[in-house]
2 protein chains.
Amino acid sequence: METKITAGVEEYLEALFHLEEENRAVQTKALAEHLKLKPASVTEMVKRLTAQKLVTHTPYKGVYLTERGRTAAAALVRRHRLSERFLADMLDVPWDELHDEACKFEHVISDKVERKLSEALGNPATCPHGNPIPEADGTVAADTAEPLVGMSARSKGRITRITNEEPEFLQYLANLGLMPDVMVEIEEVAPFGGPIIVKARGAKYALGRQVAQHIFVKPSAS
Amino acid sequence: METKITAGVEEYLEALFHLEEENRAVQTKALAEHLKLKPASVTEMVKRLTAQKLVTHTPYKGVYLTERGRTAAAALVRRHRLSERFLADMLDVPWDELHDEACKFEHVISDKVERKLSEALGNPATCPHGNPIPEADGTVAADTAEPLVGMSARSKGRITRITNEEPEFLQYLANLGLMPDVMVEIEEVAPFGGPIIVKARGAKYALGRQVAQHIFVKPSAS
DNA sequence: TATTGTTATTAGGTATACCTAACTATACCA
DNA sequence: TGGTATAGTTAGGTATACCTAATAACAATA
């Protein structure tokens, strides 16, 4: 029962890392949905992860990464995001395809290759979607950006990160030109869960809350 | 029973491709040795490969790649060698570590990434050990080089490829400076399976047959 | 407190891919 | 042709990691 972190185990750790980041309660069910598996499979794997001291689990409360688990997960996220940078910067793979390709690369990068890759890329701080690349020691840079969905009308800022990397979602945003480094201004926040009207590059767009939730903006003094 | 080429299956195809290249009879046992598995495991997998029409098998005669199998294997070798080029040229990973790292990368490279990678590397013809990178269509460039072990005394040439990529072997050769593009001259071929004395870079080295077998040289007019 | 809906687990099954040990088939030499 | 060494297969077992269906545990509310 040693430290045998297989690709399967890695998927769970990564999912937990992301779900914890959004401070959602990570119950068996949520984890199953995120990984597109059945709850029974998750129960089983969580047992294995617990035996390996990578997580702790209190039924009906949640699954939590241990220190060991978090470190392993951060390394994985680091490799994922470095892979995306490599695919984007060196191979010119399109924005919306980076995530899925990187999902495969992250499992085959050794410590040494990770170091060399980071160096070759100029030790980047973020992935092409603007999400921070954890440091080699597992620390993640604090982020002052906030989701578009929580901002008030008239506020302005610069898009810094997109936290949903599904191809269709990214294609949609790319079409509107809503990508990191683009300046946006909130025109109006419709009540009752209605759309958020933003102005970017001289045009106005009505975004659903689901969309706005995944666009992070660093506010600028207005 | 569809075309489900898993990493496990890929290892077998690649091994068969290499063993066929050396025109060795590829019996169950040889395959097992090459893959460091037990013969019983190979028997089982060969059955699966046969069902998928990737190989044909006649017991005590050999396992042979079908057209389908050979194409899949060539693609894999292509990805392996492109990975080695990437690791060497872009990340500066040392010569003797390339093979093992590439063994992992080859399984996660999609058609699209393969194309982009080849382009970014300038469509290289060989891996850093001098072995030909199969074309995207599966064809492999003919090679006029011959193994050092078959050459006669006094003949000269340029090293073009090293066909054993085990780290210790490559370290040994690197120490002697016997690498692709280096000129060598056969000084003497000791009889009864004795060593082959070669001159390279002004120094003389006595090489065992096992070693000389894996060093390919393109003879120059003497 | 009892009911109800949600969440989680257990039991039993599948597929891959490896293993050991026992057995069989073949090639080849004497 | 017969015997033996080599090669190969079968049978039964392990581990991972998924599944469905049935069951149990819990939270929250009536």
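The values are calculated or read from the model by the stated rules, or taken from the named source; none is laboratory data. Bear in mind that the values here come from a model prediction, so they are computed numbers and not experimental data. When we count neighbours, we look across all protein chains shown, and the Cβ atoms used for this are built from the backbone with ideal geometry, even at glycine. These area figures cover heavy atoms from the full protein model, side chains too; ligands, DNA and RNA do not enter into them. Shrake-Rupley method; radii C 1.70, N 1.55, O 1.52, S 1.80 Å.
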How about B:Lys218: which aspartates and glutamates have a C-alpha closer than 12 Å to its C-alpha, ignoring those fewer than 8 places off in the same chain? B:Asp143, B:Glu146, B:Asp181, B:Glu185
May I ask you to derive the relative contact order of the stretch B:146-219, considering only C-alpha pairs under 8 Å and at least 6 residues apart, and to give it as an integer percent? 44
With R₀ set to 41 angstrom, the calculated FRET efficiency between the beta-carbons of A:Ala153 and A:Ser41, to the nearest 0.05, is 0.35
Which distance in Å, rounded to a whole number, links the C-alpha centroids of the stretch A:40-94 and the stretch A:130-159? 21
Roughly what angle does helix A:7-21 make with the longest principal axis of chain A, taking Cα atoms, 0 to 90 degrees, to the nearest 10? 40
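Determine the sum of side-chain charges near A:Asp181: Lys and Arg each +1, Asp and Glu each -1, restricted to other residues whose C-beta is under 12 angstrom from that of A:Asp181.
+4
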What lysines could a cross-link reach from B:Lys112, if we take a straight Cα to Cα line under 30 Å and drop same-chain neighbours fewer than 8 places away? A:Lys36, A:Lys104, A:Lys112, A:Lys116, B:Lys4, B:Lys53, B:Lys104
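Taking K and R as +1 and D and E as -1, what net charge do the other residues with C-beta under 10 Å from the C-beta of A:Val26 add up to?
Working: positive: A:Arg24, A:Lys29, A:Lys61; negative: A:Glu20, A:Glu22.
Around A:Val26, the surrounding residues sum to +1.
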Spin-label point model (7 Å from Cα, Cβ direction): what's the B:His57 to A:Leu176 distance in nm? 5.6
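Per residue, how much accessible area does the protein assembly as shown show when a 1.4 Å probe rolls over the protein heavy atoms, in square angstrom?
51
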Nearest-20 debye value, the stretch A:146-222 charge dipole, Cβ charges on Lys, Arg, Asp, Glu: 300
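With only Lys, Arg, Asp and Glu charged, each at its Cβ (+1 for the first two, -1 for the last two), find how big the charge dipole of chain A is about the Cα centre; round to the nearest 20 debye. Mind dumping the intermediate values first?
Values: 28 positive and 32 negative charges, 107 e Å.
Roughly 520 debye, rounded to the nearest 20.
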Relative contact order, percent, of the stretch B:62-128 when contacts are C-alpha pairs under 8 Å separated by at least 6 residues? 42
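So, counting K/R as plus one and D/E as minus one, what does the shell of residues with Cβ under 11 Å around B:Asp100 add up to? Don't skip to the end; give the middle numbers.
Details: positive: A:Lys112, B:Lys104; negative: B:Glu84, B:Asp96, B:Glu97, B:Glu101, B:Glu165, B:Glu166.
Value of the local net charge: -4.
Kindly sort B:Glu106, A:Glu21 by accessible area of their heavy atoms, largest first, with the probe set to 1.4 Å. Could you put the intermediate results ahead of the total?
Values: B:Glu106 0, A:Glu21 80 Å².
Listed by decreasing accessible area, they come as A:Glu21, B:Glu106.
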Would you mind working out the magnitude of the charge dipole of the protein assembly as shown relative to its Cα centre, with +1 at each Lys and Arg C-beta and -1 at each Asp and Glu C-beta, to the nearest 20 Debye? 540
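Normalised by the residues of chain A, what does the relative contact order come to in percent, with Cα pairs under 8 Å and at least six apart?
Details: 341 pairs, mean separation 34.2, N = 222.
In percent, rounded to a whole number, it is 15.
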Can you work out ³J(HN,Hα) from phi for every residue in the stretch B:49-60, in order, using Karplus 6.51 cos²θ - 1.76 cosθ + 1.60 and θ = phi - 60°, giving whole Hz and x for Gly and Pro? 4, 5, 4, 8, 6, 9, 9, 10, 9, 10, x, 6
